[in-house]
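Below: one structure, written as structure tokens.
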Ligand code: ADP
Ligand code: MN
Ligand code: MN
Ligand code: MN
């Protein structure tokens with residue numbers, strides 16, 4: 001038997017954006033534990049905005065498990081928060097009720113700022129560094145400093161070791177701003193992996209004495225880009241059947257559901273979706289081929305392939321909850337009849 005270090009990780013009850021929480025328990029297993037071997041556990045919900053002090057117990061229900069390469073015999077356990085009966089989802093538990101579809105694929109592009117001493121990493125104590133331009137995909141000390149790349153590379157190693165589909169990294173448009181991409185099949189799988197990737201990044205910042213700023217517009221109304229979390233999505237029907245007619249109906253549906261999408265695309269998005277800095281206005285829905293100023297960007301490949309493939313919703317922001325984002329995308333898609341459904 002081996003003693004495993006199980007890190008139970010969950011989302012707390014803070015609004016509008018939950019925080020990640022985690023605590024460790026040691027348990028013996030003959031080999032790396034599977035999901036059904038992991039017991040329910042509890043925590044003090046009165047300290048996480050999930051319960052009142054006089055009845056503070058909440059239940060952690062393991063829903064996904066990953067190897068933790070940063071620890072000897074380490075296990076990362078993604079959990080849902082349940083009521084004391086262990087069966088009813090806690091109101092803060094969005095994952096329990098979202099739409100899922102194993103054939104829907106999601107690619108999230110997480111942008112964020114590294115922060116040190118209350119300002120973006122690499123910003124001088126007073127004023128600003130030279131304007132944005134050379135930082136995006138930049139290389140060299142002058143543009144990316146001497147520590148950010150260590151962090152993003154180590155994060156990549158941890159994600160890959162955990163079996164998370166980390167798909168890539170780039171330095172972003174603002175100084176101190178970076179992006180990584182996570183891909184997954186099914187809204188729960190993709191979103192679990194994004195939350196776990198965020199957890200691994202946050203934990204890593206402790207080692208480097210650097211913070212992550214996930215706010216979508218940390219530098220306010222300036223000429224510095226905000227942070228998004230573009231949601232690239234495709235259903236089986238979009239990939240295999242698609243067609244111009246279906247695409248246009250889909251975009252009509254997205255237009256109708258605009259406010260429902262914005263409601264779950266992350267807080268303070270009006271600060272970011274201004275129509276400037278590669279964004280579309282928050283108040284109107286638009287789509288465009290290869291258009292980074294549209295709400296939804298249609299890749300060239302999509303059109304060239306007979307309106308088949310994936311689309312990029314550029315509106316979700318860096319603080320958005322991937323569970324709710326993916327679910328809303330599926331909800332809107334479900335309102336559009338496919339040929340199969342129309343024939344049925
Ligand atoms: P860009 O910065 O040009 O918008 P990225 O390369 O950062 O593009 O992100 C593209 C994302 O699209 C990746 O996360 C990738 O996994 C995702 N993606 C690619 N193909 C599909 C697909 N068929 N369905 C869903 N997502 C996809
Ligand atoms: Mn990208
Ligand atoms: Mn980007
Ligand atoms: Mn993108």
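Given the residues 123, 113, which is the only one that is at pLDDT 95 or above, within 15 Å of residue 178 (Cβ to Cβ), more than 16 Å from ligand 4 (Cβ to nearest atom) and in a loop (DSSP other than H, G, I, E, B)? It would help to see each step written out before you state the result.
On the way: 113 fails: in a loop (DSSP other than H, G, I, E, B).
Answer to the selection: 123.
Of all residues in segment 153-182, count the ones that are within 13 Å of ligand 4 (Cβ to nearest atom) and either touching a residue at least 60 places away in the same chain (Cβ under 8 Å) or not in a strand (DSSP E or B) (or both).
The qualifying residues number 7.
Could you check, for segment 184-191, whether at least one of its residues is surrounded by fewer than 21 Cβ atoms within 10 Å (Cβ to Cβ) and away from ligand 1 (no atom under 16 Å from the Cβ)?
No, that holds for no residue.
Being in the same structural domain as residue 329 (by TED's automatic domain parsing), over 17 Å from the mean Cα position of the chain (by Cα) and modelled with pLDDT of 95 or more is the requirement here; does residue 191 meet it?
Judged against the criteria, residue 191 is not a match.
Would you say residue 96 is in contact with a helix residue (DSSP H, G or I) (Cβ under 8 Å, 6 or more places away or on another chain) and surrounded by fewer than 21 Cβ atoms within 10 Å (Cβ to Cβ)?
When the stated conditions are applied, residue 96 does not pass them.
Output the qualifying pairs, or none if there are none: Cβ atoms under 7 angstrom, residues six or more apart or on different chains, first residue in segment 8-21 and modelled with pLDDT under 95, second residue part of a strand (DSSP E or B) and crowded, with 16+ Cβ neighbours inside 10 Å.
Pairs that qualify, where the first residue is modelled with pLDDT under 95 and the partner is part of a strand (DSSP E or B) and crowded, with 16+ Cβ neighbours inside 10 Å: there are none.
Just to check your reading of the model, which residue among 199, 237 is more than 25 Å from residue 308 (Cβ to Cβ) and surrounded by 16 or more Cβ atoms within 10 Å (Cβ to Cβ)?
Just one listed residue meets the conditions, 199.
Filter segment 240-255 down to the residues that are closer than 19 Å to residue 331 by Cβ and surrounded by 20 or more Cβ atoms within 10 Å (Cβ to Cβ), then identify the one that is nearest to ligand 4 (Cβ to nearest atom).
Applying the filter and picking the extreme gives 254.
What are the residues in segment 223-258 that are free of Cβ contacts under 8 Å to residues at least 40 places away in the same chain and under 28 Å from residue 172 (Cα atoms), if any?
Answer for segment 223-258, where residues must be free of Cβ contacts under 8 Å to residues at least 40 places away in the same chain and under 28 Å from residue 172 (Cα atoms): just 258.
Considering only segment 78-88, how many residues are over 26 Å from residue 210 (Cβ atoms) and in contact with a strand residue (DSSP E or B) (Cβ under 6 Å, 6 or more places away or on another chain)?
Of the residues in segment 78-88, 6 are over 26 Å from residue 210 (Cβ atoms) and in contact with a strand residue (DSSP E or B) (Cβ under 6 Å, 6 or more places away or on another chain).
The values are calculated or read from the model by the stated rules, or taken from the named source; none is laboratory data. Nothing here was measured: the structure is a model prediction, and the numbers come from that model. With ideal geometry, Cβ positions are generated from the backbone for all residues, glycine too; neighbour counts draw on all protein chains shown.
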